[in-house]
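The values are calculated or read from the model by the stated rules, or taken from the named source; none is laboratory data. Fair warning: this is a prediction, and the values are worked out from it, not measured in the lab. Cβ atoms come from the backbone with ideal geometry, glycine included; neighbour counts cover every protein chain shown. Side chains included, ligands, DNA and RNA excluded: accessible areas come from the protein's heavy atoms. Shrake-Rupley method; radii C 1.70, N 1.55, O 1.52, S 1.80 Å.
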Number of protein chains: 2
Amino acid sequence: STVAAQTLSVASTTAAVSRGILLSIRHYCKKTPTKLTVSEAVAGAELGANVKVQGWVRSVRPQRANLFLHVNDGSSLQSLQIVASSELNDPLLTFGSAVEVTGILKKSPSQKQPVELEADQIHVVGECNPLDFPFKIKERHGLEYIRQFPHLRCRTNAFSSLLRIRSEATTAIHSYFKENDFVQIHTPVITSNDCEGAGELFQIEPSKSENEEDENFFSVPAFLTVSGQLHLEVMSGAFSRVYTFGPTFRAENSQSRRHLAEFYMVEAEVSFTQSLEDLTKVMEDMFRSATEHVLAYCAEDVDLFHKHVTPGHKDTVDSMLKKRFPVITYSEAIDILNRSSEKFDFSTHWGCDLQTEHEKYLVKHCGNIPVFVTDYPYDLKPFYARDNEDHPQHTAAAVDLLVPGVGELCGGSLREERLDLLRARLEEVGLEDTYSW
Amino acid sequence: STVAAQTLSVASTTAAVSRGILLSIRHYCKKTPTKLTVSEAVAGAELGANVKVQGWVRSVRPQRANLFLHVNDGSSLQSLQIVASSELNDPLLTFGSAVEVTGILKKSPSQKQPVELEADQIHVVGECNPLDFPFKIKERHGLEYIRQFPHLRCRTNAFSSLLRIRSEATTAIHSYFKENDFVQIHTPVITSNDCEGAGELFQIEPSKSENEEDENFFSVPAFLTVSGQLHLEVMSGAFSRVYTFGPTFRAENSQSRRHLAEFYMVEAEVSFTQSLEDLTKVMEDMFRSATEHVLAYCAEDVDLFHKHVTPGHKDTVDSMLKKRFPVITYSEAIDILNRSSEKFDFSTHWGCDLQTEHEKYLVKHCGNIPVFVTDYPYDLKPFYARDNEDHPQHTAAAVDLLVPGVGELCGGSLREERLDLLRARLEEVGLEDTYSW
């Protein structure tokens, strides 16, 4: 059953060990095989050596004399080809089953792969009944189909590539901040702070069945964080550079690619800034270094998506990394949009919010590379954005980074540090008590 | 006011710039100063060069001819000594104020510090009224007092050291897993899974004032995660090594050092394990490498706690890193406890849960170093722990790591992979439907 496929593959291997007793006796006379990941084996580590590889069967091709398998262990998109005498075939050797293979790693005679493992032992460590397993060998299943099996979808190429990319992107983001002397802060998930006074919060309470009497577990209403920014601002009174990278929440009841109840967000605060350039530099450098890291460490996985999901996007990414990102003001952006012959769903005028359609047009207009838009209308920005004190078009020192295919990717602002201005604005928006601290 | 102290220090410096116009004209004739963190300056980077340092004033000592300041920017526990002509003194130059200092970095004539900055400019970038600021110069405030000012406590030595250590420990944990080929998984915070069927959950709902009609935002009751383990077990059917490191929640209404509503937890799953040694190796190696990393990168910060909070603990840490961690079985642990002459609050017998007092005694008994206790009574462990099928003392292949000063630090088990045993146990505890997947 699918349960068997899922659980059997996880843990130890008593059954396989007892079935392998005869082979094991012979095995003790040889050198202990070196354990390799599929990724190491495919890269040609330990060519000619006796090695052991563990993973899940992605294909089985029994021929007259030989048996061919592909085994994947999640360390790379590519699987390792196993060649064995057909005597080693086993009815339990099915698509999805978990195996342990030992043998000699050799150069492959075929052009299809650089190396293959000439197996002398194959243990089926976890069975997988092909009738019950929802994914079929050699079939490309659509995402809507895969979505029905959340506990098994990581076994598909698309999801395992996505998860490797996400893991590397996370590493890349932490590395960028680490290398640039930022201190990482775990801003709280449970908070009484609703940040910008915006709605769409999740509220939390102890589960009632367990704690009938704990009506006031927290002394104030408690929410899931929508932003760690104000916590970070506190920290930036003691550390010059801080960041947080954690889960963030919105109770937006929308089903779209742009709305998630839970998502990961990077936030940073830099003290002693002088101008928006101090911020755009961090935004551009982080974007660039994270993108380059992912392209370097997940080339195959990224190519899978370039091939099957977003053809043409590879060129866009390559070209954006070669150029510095242009900077235009909001007023210039409005001019560009007003002069455009494009038909927009929403018309534009100075003071309006930019819609995704506008953002995407601006990106195209600037050469299909990321573009910074600065100095937004003061009234569009939250209380903490620094007043540019200009007129008649009153703006705040805020910036958004728009990128191809997405629109707004990140935003920021200089923080209003002039106490009189900040206090007047908080009073104006009725938040003076909330932020008295 | 304290608000001024907190907000003014964060952002840009218009006031200071205008006050500094005369000095700035002179300044343009010189080479632009190199910006350094306090940590870089104290380490003697750029000795003899014209440098700029930004941070918060930790002490002010005006003397007849000279003014002495200490400036800290959160990059290290140590502050940088500034020496300036007393003409540069300014009534706004107070404890807690934010400053920007330029001058020449020199070897200090005093033994107290290796270098000092001979300042030619000091700008007060953010004011701090000493009457309103709750922390006083040269005073060591108790934690109970500091706790009243959550938005300012990061400006104390104890909290800034703690936050730097936490940041480095986080880096160390990610590095260990990265170097050992683990894929990082962001397991969800919002989940309908209550993991072990244990209580003490937080339940979440869209905030009512905002979404009156969204009673069924999620189609099932939604909770904050108590463990990502089962999500990781799913992933370990496609990746040989996975881990997660994120916020975890318990609605335990206890005020103690051992209970938090929100805390960070590391969890890992290793596929293709053969014995508990595969797990104790990961646990020991991660503990060791994270500890060594923190000791190497936060030596000063750790020393602060060794001096003022846990005297004697330094020797304990040093000695534990020199030895392999011993492994004893639960049965051996019970024998040790039964033979002991120590008076425990809870008596011990085979089958009982180990209390913190017992765990601490076992650690002392083993030489005050971390110790693994394995093979706990089957009935004490959750359904997924692998049955050792022994008798008459029926145990599961589970392990806890006990450490000096704390007791249980982490635990793990081989996972039950035999479908018939797993199914029987789930039925026994009434969880067969919940975990049918």
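Please tell me the relative contact order of chain A in percent, rounded to the nearest whole number, where contacts are Cα pairs under 8 Å and at least six residues apart. Walk me through the intermediate numbers first.
Numbers: 701 pairs, mean separation 40.8, N = 437.
Dividing the mean separation by the residue count of chain A yields 9 percent.
What FRET efficiency comes out for the pair residue A:314/residue A:50, r = Cβ-Cβ distance, R0 = 45 Å, nearest 0.05?
On the way: r = 40 Å, r/R0 = 0.88.
After rounding, the FRET efficiency stands at 0.70.
What whole-number value in Å² describes the accessible area per residue of segment A:321-437 for a 1.4 Å probe?
Numbers: 5990 Å² over 117 residues.
Accessible surface, normalised per residue, equals 51 Å².
At a probe radius of 1.4 Å, what is the per-residue accessible area of residue A:145, in Å² to the nearest 10?
Accessible area of residue A:145: about 80 Å².
Under the convention of a label 7 Å out along Cα→Cβ, give the distances in nm from residue B:218 to the same position in every other copy, shortest first.
Going from nearest to farthest copy, the values are 1.6 nm.
Within segment B:90-246, what is the number of lysine pairs with alpha carbons under 29 Å apart, leaving out pairs fewer than eight places apart on the same chain?
Values: B:106/B:138; B:107/B:138; B:112/B:136; B:112/B:138.
The result is 4.
Just reorder B:381, A:112, B:35 by solvent-accessible area, largest first, 1.4 Å probe, all chains present.
Numbers: B:381 45, A:112 180, B:35 125 Å².
The ordering from most to least exposed comes out as A:112, B:35, B:381.
Nearest 100 Å² is fine: what is the total accessible surface buried where chains B and A meet, probe 1.4 Å?
Values: alone 25030 and 25050 Å², together 42080 Å².
Counting both chains, the buried surface is close to 8000 Å².
Nearest-to-axis residue of chain B, judged by Cβ, for the B-to-A rotation, with distance in whole Å?
That would be B:204, 2.
Have a look at A:70, A:151, A:358 and tell me which one the Gaussian network model of chain A (Cα, springs below 10 Å) gives the largest fluctuation.
Comparing A:70, A:151, A:358 in a Gaussian network model of chain A, the most mobile one is A:151.
Connecting C-alpha atoms closer than 10 Å in a GNM of chain B, tell me which of B:249, B:149, B:372 has the biggest fluctuation.
Residue with maximal mean-square fluctuation among B:249, B:149, B:372: B:149.
Could you report the accessible area of residue B:104 in Å², rounded to 10, computed with a 1.4 Å probe on the protein chains as they sit in the structure?
Residue B:104 has an accessible surface of roughly 50 Å² with all protein chains in place.
Over the protein assembly as shown, with every protein chain in place, what whole percent of the accessible area is carbon and sulfur at 1.4 Å, could you tell me? Kindly include the intermediate steps, with their values, before the conclusion.
On the way: 21560 of 42080 Å².
Whole-percent figure for carbon plus sulfur exposure: 51.
Say R0 is 30 Å: what FRET efficiency, to the nearest 0.05, do residue A:110 and residue A:32 get from their beta-carbon distance?
Details: r = 29 Å, r/R0 = 0.97.
It comes out at approximately 0.55.
Please find, in a Gaussian network model of chain B (springs between Cα atoms separated by less than 10 Å), the residue of B:427, B:416, B:233 whose mean-square fluctuation is greatest.
Of the options given, B:427 has the highest mean-square fluctuation.
Let me know the Rg and Dmax you get for chain B when you use only its Cα atoms, in Å.
27.9, 88
From the protein chains alone at 1.4 Å, what is the descending order of accessible area for B:289, A:76, largest first?
On the way: B:289 40, A:76 20 Å².
The residues order as B:289, A:76, largest area first.
Using a 7 Å offset from Cα along Cα-Cβ at residue A:421, what residues in segment B:63-104 end up with backbone N under 20 Å from the label point?
Of the residues in segment B:63-104, B:98-100 have backbone N under 20 Å from the label point off residue A:421.
Suppose we compare each residue of segment B:393-433 in its chain alone and in the full protein complex with a 1.4 Å probe; which ones drop by at least 40 Å² of accessible area?
B:417, B:419
Determine the percent antiparallel among the DSSP beta bridges restricted to chain A, to the nearest 5.
Details: 57 of 67 bridges.
Once the DSSP bridges in chain A are tallied, antiparallel ones form about 85 percent.
Which one, B:117, A:356, A:245, projects farthest toward the positive side of the charge dipole computed for the protein assembly as shown from Cβ point charges (K/R +1, D/E -1)?
B:117
Give me the accessible area of residue B:275, 1.4 Å probe, in Å² rounded to the nearest 10.
Approximately 40 Å² for this residue.
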